[in-house]
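Step one of this worksheet: look at the structure below.
The values are calculated or read from the model by the stated rules, or taken from the named source; none is laboratory data. Only a predicted model underlies this, so the values are computations on that prediction, with no experimental measurement involved. Neighbour counts are summed over all protein chains in view; Cβ atoms, including those assigned to glycine, are modelled from backbone coordinates with ideal geometry. Heads up: the accessible areas ignore ligands, DNA and RNA and are worked out on the full protein's heavy atoms, side chains in. Shrake-Rupley method; radii C 1.70, N 1.55, O 1.52, S 1.80 Å.
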Amino acid sequence: MATTMHGHSGPRLFGRERTLHAALGGRRAADIILWRDKKTSGAILAAATAAWGLFEVAEFHFLTLVCYAAMIGMLVFFVWTNASSFFNLPAPRVPDPETLLSERATRQAIQGAHRGLSRLVETLYDIACGKDLKMFILTVFSLYIASVVADCFSSLTLLYLVVLGAMTLPALYERYDSEVDHLVARGVHDLRTHLADMDSGVLRKIPRGSGAAAK
């Protein structure tokens, strides 16, 4: 975590040696998250906010909203199609479903989700074996905090908060990275100090599991 980059005097978050845009993949997704494409980023955030307002605040049901949208869409197409012959208007063109969601893109998304889930399960298994007792305690504590936070919000609100954070926090960090890196470095230093005191006073007296003994 003590690596530095050109033009940045302090340690970088997570010890990264690349720019935030490159760390996020350097492609269109990174452009959207960092608001390089302001129209698309604003549209995604507005759509997420509208969906959260409709389902959580206005308490619309998903099936009801889908039915209303389908009825309005069919009515618009019906009127447009029949009026185009009278007013010399171009007939409505329905986009090809293959261009909206291709089979290849769907397969890649599913495979990516499967790889991420597999890595998560493998990481949790390694931590649960007791090879690193400090990481085990931190993971259990983090999961407990996550469960408390999740209990305070509905699933939709929690999902909206994740989208809101993903669309705002990276952009804010890119703008104020020096200040954030300095605060994080101080926090990590204090946390390591407390963990070292805990390890020397308490954790070394706890017997390890067979997985840790084998190491």
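Please list 3J(HN,Hα) in residue order for region 56-67, calculated via the Karplus relation 6.51 cos²θ - 1.76 cosθ + 1.60 where θ = phi - 60°; whole Hz, with x for glycine and proline.
Running phi through 6.51 cos²θ - 1.76 cosθ + 1.60 with θ = phi - 60° gives 9, 7, 6, 6, 6, 8, 4, 5, 4, 5, 5, 5 Hz.
Could the peptides 31-41, 181-191 be put in order, highest first, of the mean number of other beta-carbon atoms found within 10 Å of their residues?
Those peptides, ordered most packed to least, come out 31-41, 181-191.
By how many nm would the segment from residue 68 to residue 196 lengthen if fully extended, with 0.36 nm per residue of separation less the alpha-carbon distance? Provide the component values of the computation, followed by the final result.
Details: separation 128, 0.36 × 128 = 46.08 nm, distance 5.93 nm.
Full extension of this stretch gives 40.2 nm more.
Considering only the other residues whose Cβ falls under 12 Å of the Cβ of residue 110, what net charge follows from Lys and Arg at +1 and Asp and Glu at -1? Please report the intermediate quantities before stating the final value.
On the way: positive: 104, 107, 115; negative: 103.
Counting the neighbours of residue 110, the net charge comes to +2.
Report the accessible area of residue 59, computed with a 1.4 Å probe over the heavy atoms of all protein chains in place, in Å² rounded to the nearest 10.
Spelled out: residue 59, probe radius 1.4 Å, area about 130 Å².
If you plug each phi of region 109-114 into the Karplus form 6.51 cos²θ - 1.76 cosθ + 1.60 with θ = phi - 60°, what whole-Hz ³J(HN,Hα) values come out, in order, with x for Gly and Pro?
Karplus values, whole Hz, x for Gly and Pro: 5, 5, 5, x, 5, 5.
Leaving ligands and nucleic acids out of the surface, order 175, 28 by accessible area at 1.4 Å, largest first.
Largest accessible area first, the list is 175, 28.
Using only the alpha carbons of region 17-70, determine the length spanned along each of the three principal axes and report them from longest to shortest in whole angstroms.
Principal extents (largest minus smallest coordinate, Cα): 48, 20, 16 Å.
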